[in-house]
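Undergrad: Pasting a structure below so you can have a look.
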Amino acid sequence: DIVMTQTPLSSPVTLGQPASISCRSSQSLVHSDGDTYLSWHQQRPGQPPRLLIYKISNRFSGVPDRFSGSGAGTDFTLKISRVEAEDVGVYYCMQATQFPVTFGQGTKLEIK
Amino acid sequence: QVQLVESGGGVVQPETSLRLSCAVSGFPFGSHAMHWVRQPPGKGLEWVAYISYDGTYKYYADSVRGRFTISRDNSKNMLYLQMNSVRTEDTAVYYCATEGDRLRVDHWGQGTLATVSS
């Protein structure tokens, strides 16, 4: 199974400041079809997860442009350009390149 | 607007069964794969199972293979998870999720809580 490792596990951030979360996979996430099925999901307190970014860097419908994704191969990053209060929650990276689908442990974003 | 509504959760004893359902609307259900993902209380997300658009292909997490069965009824826009021989470690909120594009899990339901306890 592909292991997904996120850092940090907790990130206190000041409102209006940037935030960054890293995700590393135990093997390359490049699929045989050439795409990389790495996505980021946000889970606000008491809510179900919500897709933010898919295939490394594509923002899903309705996701603010302060969220961006980057990376390749085994190393990926989610960035929030200016953190807002509504961004508080847990962020998960997820790989679907190979079954079983696996998630990172989650990174808790908190406001300082 | 895509809506997924899970049901069927509850409290059951170990080694018994439970069947979860997911009603999907506002989405071309019969043309897309679906997933079940679970979240134990206070913990992270764990993928459980996948089913292709026509039910031909099914994949499971090692932790549930042989005990859980994913299925779908495209005529009713319904997804199911049959959970047999449940264990205390199966206690979790279970989410169904759509795969709107190839290998893209994009819409999530609100979840249903299944508690396994003696």
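The values are calculated or read from the model by the stated rules, or taken from the named source; none is laboratory data. A quick note: this is a predicted structure, and the numbers were derived from the prediction, not measured. So basically every Cβ, Gly included, is an ideal-geometry build from the backbone, and we count neighbours across all protein chains shown.
Undergrad: Please go through region B:61-102 and pick out each residue that is of a type outside the set (Asp, Glu), touching a strand residue (DSSP E or B) at 6+ places or on another chain (Cβ under 9 Å) and at pLDDT below 95.
TA: B:Gly100
Undergrad: If a residue counts only when it is of a type outside the set (Phe, Trp, Tyr), which strands (runs of 3 or more DSSP E) contained entirely in region B:21-118 have at least 2 such residues?
TA: So the answer is B:34-39, B:46-51, B:68-73, B:78-83, B:92-101, B:104-108, B:112-116.
Undergrad: Looking at region A:1-28, which of its residues are under 28 Å from A:Val88 (Cβ atoms), of a type in the set (A, V, I, L, M) and in a loop (DSSP other than H, G, I, E, B)?
TA: Hits for region A:1-28 are A:Val3, A:Leu9, A:Leu15.
Undergrad: A further question follows. Restricting the first residue to region B:91-117 and requiring it to be at the interface with chain A (Cβ under 10 Å from one of its Cβ atoms) and under 17 Å from B:Ser63 (Cα atoms), which pairs with a second residue that is surrounded by 20 or more Cβ atoms within 10 Å (Cβ to Cβ) and of a type in the set (Ser, Thr, Tyr) meet a Cβ separation below 8 Å and a spacing of at least six or different chains?
TA: Final answer for the pair search is B:Val93/B:Thr112.
Undergrad: Also, quick follow-up: From (1) farther than 12 Å from B:Val105 by Cβ; (2) touching a strand residue (DSSP E or B) at 6+ places or on another chain (Cβ under 7 Å); (3) touching a residue at least 24 places away in the same chain (Cβ under 8 Å); (4) not aromatic (Phe, Trp, Tyr), pick out the condition that doesn't hold for A:Val63.
TA: With (1) farther than 12 Å from B:Val105 by Cβ; (2) touching a strand residue (DSSP E or B) at 6+ places or on another chain (Cβ under 7 Å); (3) touching a residue at least 24 places away in the same chain (Cβ under 8 Å); (4) not aromatic (Phe, Trp, Tyr) applied to A:Val63, the lone miss is (3).
Undergrad: Still on this model: Here are some residues: A:Val83, A:Val88, A:Val101. Which one is more than 14 Å from chain B (Cβ to nearest Cβ) and surrounded by 17 or more Cβ atoms within 10 Å (Cβ to Cβ)?
TA: So the residue among A:Val83, A:Val88, A:Val101 that is more than 14 Å from chain B (Cβ to nearest Cβ) and surrounded by 17 or more Cβ atoms within 10 Å (Cβ to Cβ) is A:Val83.
Undergrad: Every residue in region A:55-76 that is closer than 21 Å to A:Thr7 by Cβ and assigned to a strand (DSSP E or B), please.
TA: The answer is A:Phe67, A:Ser68, A:Gly69, A:Ser70, A:Gly71, A:Ala72, A:Asp75, A:Phe76.
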